[in-house]
Every structure is written in C-alpha cells, then in structure tokens.
1. Counting just the residues of the stretch C:249-280 that are in a helix (DSSP H, G or I) and in contact with a Gly (Cβ under 7 Å, 6 or more places away or on another chain), which one comes out surrounded by the most Cβ atoms within 10 Å (Cβ to Cβ)?
2. On the given criteria, is D:Ser61 modelled with pLDDT of 85 or more, hydroxyl-bearing (Ser, Thr, Tyr), part of a helix (DSSP H, G or I) and on the phi < 0 side of the Ramachandran plot?
3. With respect to the numbered conditions (1) modelled with pLDDT under 95; (2) within 12 Å of another protein chain (Cβ to nearest Cβ), which one is the sole condition not fulfilled by C:Gly125?
4. Could you check how many residues of the stretch A:82-114 are without any contact (Cβ under 8 Å) to a residue 60 or more places away in the chain and closer than 25 Å to D:Gly37 by Cβ?
5. So, in the stretch C:162-217, of the ones that are outside any helix (DSSP H, G or I) and more than 7 Å from every other protein chain (Cβ to nearest Cβ), which residue ends up surrounded by the most Cβ atoms within 10 Å (Cβ to Cβ)?
6. Just to be sure, is B:Gly16 over 33 Å from the mean Cα position of the chain (by Cα) and assigned to a helix (DSSP H, G or I)?
7. Take B:Thr130 and tell me if it is within 7 Å of another protein chain (Cβ to nearest Cβ) and more than 30 Å from C:Met145 (Cβ to Cβ).
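The values are calculated or read from the model by the stated rules, or taken from the named source; none is laboratory data. Predicted, not measured: the structure shown is a model, and the values here were computed from it. Glycine also receives a Cβ, built like all others from the backbone with ideal geometry; neighbour counts cover every protein chain displayed.
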Amino acid sequence: MMDVLPYLVAAWVFLVGCYGLATSRNLIHAVGCLAVCQAATYVLLLAVGYRKGGTSPVFADFTPGARAVVDPVVQALALTDVVVGATVTALLLALVIQVAKRHHTLDPDELSELRG
Amino acid sequence: MNRRLRMWVLLLGLAGTAALLVAAAFRLPAFGTGFHPYGDRAVHEALARQTANTVAAVNFDQRAFDTLGEETILFAAVLGTVVLLRQARDERHVEPAPADVAAPVRRYALVLLPVTLVAGLYIVAHGQLTPGGGFQGGVVAATALHLLYIAVDYRALERIRPLGLFEVGDAAGEAAYLVIGVAGLLAGSSYLANTILPHGTFNTLSSGGTVPLLNAAIGMEVACAVVVLLARFLDQAVEIEGEGANEGENEGEGERT
Amino acid sequence: MNHLLPLAVAGPLLGAALLVAAGRFVPRVVAEAVGGAVAAATAALILYLLLAVPSPVIEWVGGWTPRHGHSVGIVLHADHLALGMAALVSLLVLAVLVYSWRYFDEPPHKHAGSFPALVLLFQAGMCGFVLTGDLFNAFVFFELMGVVAYALTGYRVEAAKAVQGGLTFGVVNSLGAYAMLLGIGLLYSRTGELAMRHIGAGLDARGAPDALVLAAFVLLLTGLLVKAAAVPFHFWLPDAHAVAPTPVCMLLSGVMVELGVYGTARVYWTIFAGPGGIPPEAVTRTLLTFGVLSAAVGAVMCWYQRHVKRLLAYSTVAHTGLFLIGLGLLKPEATSGIALYVLGHAGVKAALFACAGILLDRYGSIDEYELHGRAPELRLTALYFVAGGLALAGLPPFGTGLGKAVTEEAAGPWLTVVFVLVSAVTGGAVLRVAARVFGGFGPAPADDAECETSGEREQPETEQQLTRVPDTMLAVPGALLAGALLVGVVPAVRAAVGSATDEAAAGVSVIPVPPHWPAAGMLLGVLSAAVAAALAFLAVRRPQHTRSRHWVDPLRLLHSGHIGDYVAWTVAGTALLGALALSGVL
Amino acid sequence: MADVLIAVALLLVAATATAAVAVRDPARQALVLSVLGLTLTLLFTVLQAPDVALSQLAVGSALTPLLILLSVRKARRRSLDQVRAEKEAEEGGT
C-alpha cells in the first residue's frame, strides 16, 4: 500500500480541489480550491523524488557520499512551484477584489454578464 | 447551464480523470524506489562546485534559468497586482483610525520584529549551505515589517514602508539577477554561467560562486515584492473606499502622500 | 551553439525591470518609447538568429554543455520553427506597442511604464516558451505568459466585464497549468529527466507505452489545449478576449492561443512520437476529434455574435480547431500548411482586432446592431475589415489562403469540407459586420438580447472618445494585413516555413517539396470567400428576427460565464482526451 | 518508522485538503488552508525536503491565508458600503 499511497493522495487532492472549484459558491473560496489543486503537484513531485533511507540533499552536516540523498531536482522544481502558486493566488485574489467591487457579488451564479 | 447538468459533466469528468490517475499511480515506480539519473548528476555537479546545499545549486546554478522565470512570475504578479488594485477613479482614500493595541501584544511584536528580520537575512545569506535561501528569507524578512502593523497600527507601518522604494527594490532585484546572468555571458562563457567567481571552499559562506549573489538578488526581490503585494491588499482592505461610501463624485482623485 | 540566444528572453525582462524601476520618474512618452525599443531590439536579435545562424541553435544556459551525452542544465533548442514563432511573437508585440502608443486613458498613478512593462514580460514569456527544450522550463514560461495575460486582461479595472473575464481566464488556465505539471511529474518519475529529448529517449528505451505514459500525455495536453482553447477547454477565451484591452486581444488571439498548438506539436514530436510514446493513430484520432469539435463550435458561435470582439474571439476558436486538425493529420505537408496558416492568421486576426478597437474608441460601442450604419466615414478601416474578412475566409493570395490550401491538399475530401465551411462562416461573419457597420446595408436588426453578450455602452479604452483616428492605429492593421499578404505571395517565406516544419517534425516522417499554391486549393479559397460574401449578403438582407427559440440556443447557453461550468468542462475534457487516446496503450 | 510518519502526514494532507474544499466560508477556509500548509510542511520535512518545507511554511501557512483574509475583509466592507449606496444608486443608475 505504501508503494502507491503518496501518488493516490496526490490524485485525491487534485480531484477534490477540482470538485471544490466547480461547485464553489464564492470566488474567494474558488481561489482557495485552486491552491488545493496545486498542493497535489507538490505532493506528487516530492513523492517521485523520495528515496527510501535517503536524507535531505544538504551536505552542511555530513560528508558527501556518506549516505544516500533524495533527489534534489524535484525539490528545486517544487520550490519553484510553491512560489508560482503563491503569486498566481495573489493575482487571482486581486482580480476577485475587483470583481467584488464591480459586480457587488462573489457568487458565480450571479455573474451572468458574459454569456452566449 | 443548470446545476444538475454541471454536476453530471463534472462527475463524469472526475470519474474519467480519477481512473486515469489511479491507473498511472500503479505504474509509477514504487514509492521510494525510483531511479534518478538527473538527481544523481545534480548532486555530483553541486559538490564539484562547492555548494553544500544541492537544492540551492540546482535552483541558482544548474537550473538558474528556471529560477529566473520563477522570479519573473513573482515580479509580473506584483506588477499586475499593483495595476489591478490601483485606486480607481470612483474610489477614495480614507485614513484608518489609530488603533489601541494591548501592551503585551505590542511588546511581543516589537521584540519579535528585529529577531524575525535578522532570521530572514540569515536564511538568505546561508542559502547555499543550509536549507533556505533568497525566497524563504525574503518572505520572512518582509513578514517582519508587518509585525509593526500588529504592534502599533497601520500608520506606523506606512511610515517605515516607503512603497516607491520597495517597488524600485523589487525591480532592482530582478534586474540584478539578469545582470549577473549577462556577466557570465560577457566573461566569455554563457548566460547565467557560474564561472565568473571562484567556487570557494566547501561549506563556507563564500562558497558556490555566483550562487550567493543570485540568492541575494532573489532575497531582495522577494522581500520587496511581498511588501508591495501585502501593501496593495492592505490598502484595499483598510484604506480604499468605493463609491458607496463616497458622497461627492470628484473626491475620488485623492492623492496619496 | 550561440550564447546570445538566452538574451531573447533576458532582454525584454531587463527592459521590463527598467520600466518598473524608472517608470515613476519618466514621462509616459519615454516609457512607451523604451518599451518599443526593447521589443524591436529583441525582434532584431531573433531575426538575426533566424536568418544568419544555421539551424538549430542549441544553447545550454549557464554553460552546462553535456558531457557524455548528459547535462544538468536547461537547454534552449531553437530550430527555425521555434525562432520563427519567436520572431512572430516579437513582431506582433512591436506592432501592439505601436498601436497602443498613447492609447490608454491614463497609466496607473506613478506607474507610467506598467503597460509596456507587462507587454515586454509577455513577450519574454512567449519567447521562452517557444525556445526552451526543457519540459519544466516550458511550464515556468507557460505560467509566466499566463500570469501576465490575466493581469493584462483585467487591466481596465473599472470595467466590470474585464475583471470577470480576467478571473475566468486565470482560474481555468491555472488549472490547466497544474494538470500539465502533474504530467511533468509523471514523466520525471518514469525517465528521471527533464530535457524533452531525453524524456522521449527514456520512454522509447522502456518499450511500449502504458497507463503512465497515457496519463502524462493527457495531462500535458490538457494544459496545452486549455491554452489553445480547444473545445471543451475553450470557454475562457471569448470571455477574456471580448473584454481585454484591444492591444492585448491582438496578442492573445494572434499568437498566444496558437502557442498552445505549437506546444502540443512540440511535446508530441519530441516526447511522444517514438515507440515508447503514443501511437500515431491514437494521436490523430484525438487531435482530429478536438479539432473538428472546436472548428464547428467556434464557427457556429462566431456567426451568432453581435459583440464584435467576441465574434472575433470565437473565430479564433474555430481557426485553432483547423490548426489542430492540420497538426493531427501528422503529415509533413499538413504541418507546413498550418504553420503558414498560423502566420497568416496572426496578421489577419490582429488587424481585425485593431479595427474593432478603432470602432470601440471612436463610437464607444462594439455592438454590431448598435453600430449599424454609423461608421461610413472610416473608409480605410472599412477596407481593412473587408480585406480581413476575405482573408479569414481563405481568399488567395493571403497567407491564410495559402495555409488553408496546402493543408486541405493533405487532408482529404471530408476534412476539406470542414475547412471550407469553417473559414467561410467565420469570414462571412466578419463581412456581415463590415457591411452593416461601415456600409449601413440592410435594415437595422431587431434587438433581442435574450441570451447573449451585447457590446453596447462600452467604455472607450482611450482617453476620450476619439474624434479622429490616430495614424498609428491605422498604420498597424495595414502593416499586419500586408504581412499576411506577403506570407502568401513571397515564395521564399513558403520555402522557409516548409523546411522549418520538416526539420522540427523530423521524427514523424521525411519529405520533400516546399509548399506551393495548389490549383484546387486556390479555387477552394475563392469558393469559400464567395460563400462568405454570400452568407454575409443573405444575413444583411434578411436580419434574424426576434425568435423565441433557435436551434443554437442550447449551445449558447453552455457559454454561461460561470466559472464552475468551465471547470467542469475542463475536467470532462481531460477525461475525453483520456478516452480518445486510450486505445493507443491497450 | 519513516514509512509510518510519511503515511500519517499523507493522510493528514488528504484530510485537510478535503476539509479546505468542504468549508464553504472563505474566512474559515483561509484557516483550514493554513492548517493544510502546516501539514504539507510536515510532509515535506519527513520527505527530507527542508527547503520546500520552509517555503511552504512561509507561503502556504502564512502568506496565502493572509491574502485570502484581506480579500474577504475587503469584500465584506464592500457589501456594507453597498447597503448604504443602494439607495443613492437608484436614481443615479451606475
């Protein structure tokens, strides 16, 4: 079970985020759900890079070669991903604030100016 | 589209996607057993260049171009937020009222402020050695300033937060990263090459060639960017009022000092 | 190898940083001039690399040239196709900066440089995306284009529709990007590499594809097709393009959406085309299905619009569908054809948006019904609009006509019918607008705003409603249309595009002769232009009367502007992709 | 032992992610997202990724929830303004 559990958790988090996004009744909540979707990508990346018995790839406290380390590349990718996620969230929230101002609602059901 | 139809489309889609992801999960290498040719090479090259924190080596040396893109996304998002949350013509500024802060809270926050600031700078400076680096340190340092909001009030925060300067700092951090990249090019190697400085001694503060420099550039950009970002959101939440509270039409042109 | 290549990305970024830092001190004219100069310099660099350096230009950023065939760095793989796209991006950015010269009302207080800075960031993101040969790096630039595009779409914060469109765009595209990243994670787990070529080699080394390869393919394509606005991932596009500032629309429709198609092509050719990837039959079935669906939905929705920018947006959906069909055929001739088509379309569509912008800023409306007969004095704009409509319909000798003809020749009779019909309907819709707005032909249509977005009472984007159209705004669409014409008539362009696509798709199959004007294709081009004109004529003569029910109403109701709906369709689209490609791995 | 820790952290992540979606009030969701940030930090730590854990701590459990709370506050203020504006807007027609 442990062999696939991390991957299944990543899949679950992504899907549950999508579900929340599609059924959300509040745009701020929707942006939060998008952040949940993104959490799935961190989990997947780091799970892929993990190595049983490996330590973190930082050699400040032990000599190189002494122990196996986990994959530093996925960690770098996840780091980038965290930053990207935070900035996208910020930008979307800025747009949400403007939507709230201009439409006087945050309920997607009431935003019906763009259709057809 | 009515709610029921949306639900059907969604559930159908989720079921299909779930089947796909689960099938893939069982074909992935068992957790903790994958093989990592790139990762192994990255560790090897990081050590060859005297960078103890291999994640920093990947971020600021081997895949420095990714980090350039990442910082640019941050830069763009902050610029976008500044543009999107600008004071519209039908809005005006109101001065927030000074707030009373309980004495213990004030003391706690004021003690924490310098500690957090120093912690942030420490995290930036040791990026190539220990976990952390420009990004994490920058965020911590930027958060430190906002303890002032908790400790005193919004106006105190505004006094020590010359926004214009932080916006320039944000751009300067981005520019510094780009210019360090060009330096590699001018030195006869290629863009963002980590060959213009000696790589130093393993596990010391000056090791890693340009890694600490890029780290510092990022630290500066991130700290400034987060301050600007939070300032825009705070402005909206605390200061800017819409036409609803605005009695006269032309009060909206309120200039900020 | 050429060390200057990364500057195609770094140059505009440096310009943007400069504009933000100095934007508060310099007057607007200086900021806009600096923006234009940086964009022009980047375009010059890219053209130099395209024309003077032998292809492909490969550069390992940071000097991480591979040792023993392996590297830890990021590779920029700039073959002529990539450089050609980058050149198209840069030239269009330049055109947009000229068009928007002193365009906006007023820049945000103390931030005179923010619009040109955002456009330069957009340019850097798009150039980075086309040039990179590293999958994760492609994701980073994909996100960069996205972030900038959301901000630009919502740029006019006082317009209620603009911020809503920007938000929808942002949410759907971000979701696509995260799906793409999951796909990258899956591929990394299988191959342990990030350079696209090495991933492809890694997959091939493992033999036949399995569920993991399928899932990775589907997730990557989800992200890219969201960007390419293929049905059913397309809902964000009309919402965003109808409301974004006109200069931004020119970039979004002219080239950003096409980069989704480009990314799909690149990912397929480099990663999934080998024996370890997805078999060609499955890819063809998938792309043709999505292509035909997009072309049909786009064309129908385009015809039934009265909001001119939204109409143009749907025509982009339709044409992107045609591009996907051409790509999905996996034939070198078809690939060359759509490359030409993309080039011509970029010029024509950007010019049409530019004309729509002129209408909006001159009359404060972008609604076909409201503008009926109001713009007879804009002769040159009318000329551009008609030329654009005919070019969209595929009239020779425009580049769009050439691309369409070349692709049709490879596509076989049934798909040719799709090409002719779709281009005729979209071109006809544009001609109909031209006839009503500039010519004032036909009776004024009755107003039935039951389930549609009208374009009445829009705020002009310029300082005041224009009384005279500035020369820059008139020169740009002219130049763009001339560019689209050159693609069709200059044989050297044809030959260059042909060899560039052959080189890029070399894995798929080998070939032959440079594309030429096929006789049958020319006739079909004339035919679709004639059908377009006839459709426009009939529509103007017999305006749609107010009807309570109409056969397209259900389709129109799907375009509800509701984020939840769009996300549901995106997830469903992912499942559909999986279902279509499934047989490839069984 | 490591496996047990990882499994626990994973399940915590899955549970908080579900909760973050299920909590429909955005202000409360911000708090749940903050907890999600913490559980992710825990997970990244046991997965031997201290760098990512540190970023996640700074961003996921502090910055993002804070931005969400500020947006909520702004939106709420809007709706209060709105009540007052409603009457005036009637004749003005915004």
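1. Here is the first cut: in the stretch C:249-280, the residues in a helix (DSSP H, G or I) are C:249-272, C:280.
Okay, now just the ones that are also in contact with a Gly (Cβ under 7 Å, 6 or more places away or on another chain), so C:269-271.
Values: C:Trp269: 22, C:Thr270: 23, C:Ile271: 28.
It comes out as C:Ile271.
2. Working: modelled with pLDDT of 85 or more: yes; hydroxyl-bearing (Ser, Thr, Tyr): yes; part of a helix (DSSP H, G or I): yes; on the phi < 0 side of the Ramachandran plot: yes.
For D:Ser61, the condition - modelled with pLDDT of 85 or more, hydroxyl-bearing (Ser, Thr, Tyr), part of a helix (DSSP H, G or I) and on the phi < 0 side of the Ramachandran plot - is met.
3. Going through the list (1) modelled with pLDDT under 95; (2) within 12 Å of another protein chain (Cβ to nearest Cβ), C:Gly125 breaks only (1).
4. First, the residues of the stretch A:82-114 that are without any contact (Cβ under 8 Å) to a residue 60 or more places away in the chain: A:82-91, A:94-95, A:97-98, A:101-105, A:110-114.
Remaining after also requiring closer than 25 Å to D:Gly37 by Cβ: A:82-91, A:94-95, A:97.
Residues meeting the conditions: 13.
5. Of all residues in the stretch C:162-217, those outside any helix (DSSP H, G or I) come to C:192-195, C:206-210.
Checking the rest, the ones that are also more than 7 Å from every other protein chain (Cβ to nearest Cβ) come to C:195, C:206-209.
On the way: C:Ala195: 26, C:Arg206: 14, C:Gly207: 9, C:Ala208: 12, C:Pro209: 24.
Result: C:Ala195.
6. yes
7. Numbers: within 7 Å of another protein chain (Cβ to nearest Cβ): yes; more than 30 Å from C:Met145 (Cβ to Cβ): yes.
Criteria met by B:Thr130.
A quick yes/no check of all residues on (1) more than 19 Å from B:Glu239 (Cα to Cα); (2) over 24 Å from the mean Cα position of the chain (by Cα):
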| residue | (1), (2) |
| --- | --- |
| B:Ile160 | no, no |
| B:Gly164 | no, no |
| B:Asp170 | yes, no |
| B:Gly188 | yes, yes |
| B:Tyr191 | yes, no |
| B:Thr195 | yes, yes |
| B:Asn203 | yes, yes |
| B:Gly208 | yes, no |
